[in-house]
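**Q** Have a look at this one before I ask anything.
The values are calculated or read from the model by the stated rules, or taken from the named source; none is laboratory data. Just so you know, these numbers come straight off a predicted model, no measurement behind them. Here the Cβ is made from the backbone with ideal geometry for all residues, glycine too, and neighbour counts use every protein chain on show.
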Amino acid sequence: MAENRVALVTGASSGIGRGIALRFGSRGMRVGLAARRDRRLKEVASQIEGSGGKALAFPGDVRDSAFAQRAVDTVVDAWGRIDILVNNAGIGHYALVEKLSDESVREQFEVNVFGPFYFTRAVGPHLKKQKSGQIVNIGSMAGLVGFARGTAYVATKWALTVNDVVHAVETIVDQGPNSDIREIVVQVRDRS
Ligand SMILES: NC(=O)c1ccc[n+]([C@@H]2O[C@H](COP(=O)([O-])OP(=O)(O)OC[C@H]3O[C@@H](n4cnc5c(N)ncnc54)[C@H](OP(=O)(O)O)[C@@H]3O)[C@@H](O)[C@H]2O)c1
């Protein structure tokens, strides 16, 4: 039953993450919302509460592993479980390689790869204790193919995809073939 489920969505302050969080909320789910912009998170939270769901806002940066741990643990403390983690927060800076700064490359990897790693690591013990749950990584078609001026972004989405597949296999090996813990990557296609 969707309404009994608990989710945590990163990058819930705008775009795809906001849409996912609102959809979960409209189905009566309890949703944790993570992103940096507090005011936007509060708006999403109040829309969810208005549509019959429950929400908790976690303003913070997914590049901070302590923040990921705190958000996951607070969701579990508040609602007793966590069924779905959506690693959605992501950024892309598109330019020729020689125009990409150190900071830009580092930031893209920290948000798009390290962030999902921190949240996945934090949620793992809870899913194993429950013996169920889903991790959904929001990838990109760039994680399957590639495009000019997208080197760093494309590399982050390939890394996210490989991490996802290897961790999914690791979970099956660790938990057995009948495990009800699943991990998928959704390769979103650009709107344009
Ligand atoms: N839209 C597309 O066409 C498309 C295509 C392929 C893949 N995708 C993927 O889909 C995901 C969402 O994209 P979108 O288009 O919805 O982007 P968006 O509207 O720009 O939203 C990005 C979200 O990530 C959050 N975020 C960024 N950096 C963060 C950080 N350091 N810490 C915490 N949160 C952070 C932002 O929140 P704050 O700024 O409030 O922190 C925002 O909520 C991304 O992973 C993207 O790569 C999108």
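**Q** Would you pick out the residues in the range 13-45 that are under 20 Å from Asp77 (Cα atoms), in contact with a strand residue (DSSP E or B) (Cβ under 6 Å, 6 or more places away or on another chain) and of a type in the set (Gly, Ala, Ser)?
**A** Ala21, Gly25, Gly32, Ala34, Ala45, listed by residue number.
**Q** So, in the range 7-23, of the ones that are away from the ligand (no atom under 11 Å from the Cβ) and crowded, with 24+ Cβ neighbours inside 10 Å, which residue ends up farthest from Gly60 (Cα to Cα)? Reasoning before the result, please.
**A** Our first condition is that a residue be away from the ligand (no atom under 11 Å from the Cβ); within the range 7-23, this holds for 7-8, 22-23.
Still in the running and crowded, with 24+ Cβ neighbours inside 10 Å: 7-8.
Working: Ala7: 17, Leu8: 13 Å.
Only one residue tops the list, namely Ala7.
**Q** If I go through the range 85-105 residue by residue, how many of them are in a helix (DSSP H, G or I) and more than 21 Å from Phe147 (Cβ to Cβ)?
**A** Applying the first criterion (in a helix (DSSP H, G or I)) to the range 85-105 yields 97-99, 102-105.
Narrowing the set further to residues that are more than 21 Å from Phe147 (Cβ to Cβ) leaves 102-103.
Matching residues across the range 85-105 total 2.
**Q** Condition check: modelled with pLDDT of 95 or more and more than 10 Å from the ligand (Cβ to nearest atom). Does Leu33 satisfy that?
**A** Working: modelled with pLDDT of 95 or more: yes; more than 10 Å from the ligand (Cβ to nearest atom): no.
So Leu33 fails the test.
**Q** Right, something else. Of the residues Ala142, Ala71, Ala122, which is in contact with a helix residue (DSSP H, G or I) (Cβ under 8 Å, 6 or more places away or on another chain) and under 23 Å from Arg39 (Cα atoms)?
**A** Every option except Ala71 fails the conditions.
**Q** What residue, of Lys99, Lys42, is closer than 24 Å to Asp190 by Cα, free of Cβ contacts under 8 Å to residues at least 24 places away in the same chain and either of a type in the set (Phe, Trp, Tyr) or out of contact with any helix residue (DSSP H, G or I) (no Cβ under 8 Å at 6 or more places or on another chain) (or both)? Steps first, please.
**A** Values: Lys42 fails: closer than 24 Å to Asp190 by Cα.
The unique qualifying residue is Lys99.
**Q** Would you confirm, using the coordinates I've provided, whether Val123 is modelled with pLDDT of 95 or more, more than 13 Å from the ligand (Cβ to nearest atom), surrounded by 15 or more Cβ atoms within 10 Å (Cβ to Cβ) and of a type in the set (Val, Ile, Thr)? Quick ask: steps written out before the conclusion?
**A** Working: modelled with pLDDT of 95 or more: yes; more than 13 Å from the ligand (Cβ to nearest atom): yes; surrounded by 15 or more Cβ atoms within 10 Å (Cβ to Cβ): yes; of a type in the set (Val, Ile, Thr): yes.
Yes.
**Q** Okay, moving on. Please state which of the following conditions Ile82 fails to meet, knowing it meets all the rest: (1) surrounded by fewer than 22 Cβ atoms within 10 Å (Cβ to Cβ); (2) part of a loop (DSSP other than H, G, I, E, B); (3) β-branched (Val, Ile, Thr); (4) away from the ligand (no atom under 12 Å from the Cβ).
**A** Every listed condition holds for Ile82 apart from (1).
**Q** Can you name every residue in the range 149-192 that is of a type in the set (Gly, Ala, Ser), within 16 Å of the ligand (Cβ to nearest atom) and not in a helix (DSSP H, G or I)? Step through it out loud before you land on a result.
**A** Filtering the range 149-192 down to residues of a type in the set (Gly, Ala, Ser) leaves 150, 152, 155, 159, 168, 176, 179, 192.
Right, trim to within 16 Å of the ligand (Cβ to nearest atom) and you get 150, 152, 155, 159, 192.
Listed by number, the residues that qualify are Gly150, Ser192.
**Q** Please count how many residues of the range 96-105 are loosely packed, with under 14 Cβ neighbours inside 10 Å and within 16 Å of the ligand (Cβ to nearest atom). Break it down into steps so the answer makes sense when it comes.
**A** Of all residues in the range 96-105, those loosely packed, with under 14 Cβ neighbours inside 10 Å come to 96-99, 101-103.
From what is left, the residues that are within 16 Å of the ligand (Cβ to nearest atom) are 103.
Number satisfying all stated conditions: 1.
**Q** Just give me the residues in the range 175-192 being surrounded by fewer than 14 Cβ atoms within 10 Å (Cβ to Cβ) and out of contact with any helix residue (DSSP H, G or I) (no Cβ under 8 Å at 6 or more places or on another chain), in sequence order.
**A** Listed by number, the residues that qualify are Gly176, Pro177, Asn178, Asp180, Arg191, Ser192.
**Q** In addition: Just give me the residues in the range 46-62 being outside any strand (DSSP E or B), within 13 Å of the ligand (Cβ to nearest atom) and in contact with a strand residue (DSSP E or B) (Cβ under 7 Å, 6 or more places away or on another chain), in sequence order. Show your work before the answer.
**A** Step one: filter the range 46-62 for residues outside any strand (DSSP E or B), giving 46-53, 60-62.
Next cut, within 13 Å of the ligand (Cβ to nearest atom) only: 60-62.
Listed by number, the residues that qualify are Gly60, Val62.
**Q** Next question. Could you list all residues from the range 126-146 that are exposed (fewer than 15 other Cβ atoms within 10 Å of the Cβ), of a type in the set (A, V, I, L, M) and not in a loop (DSSP other than H, G, I, E, B)?
**A** Met141 - this is the single residue of the range 126-146 that is exposed (fewer than 15 other Cβ atoms within 10 Å of the Cβ), of a type in the set (A, V, I, L, M) and not in a loop (DSSP other than H, G, I, E, B).
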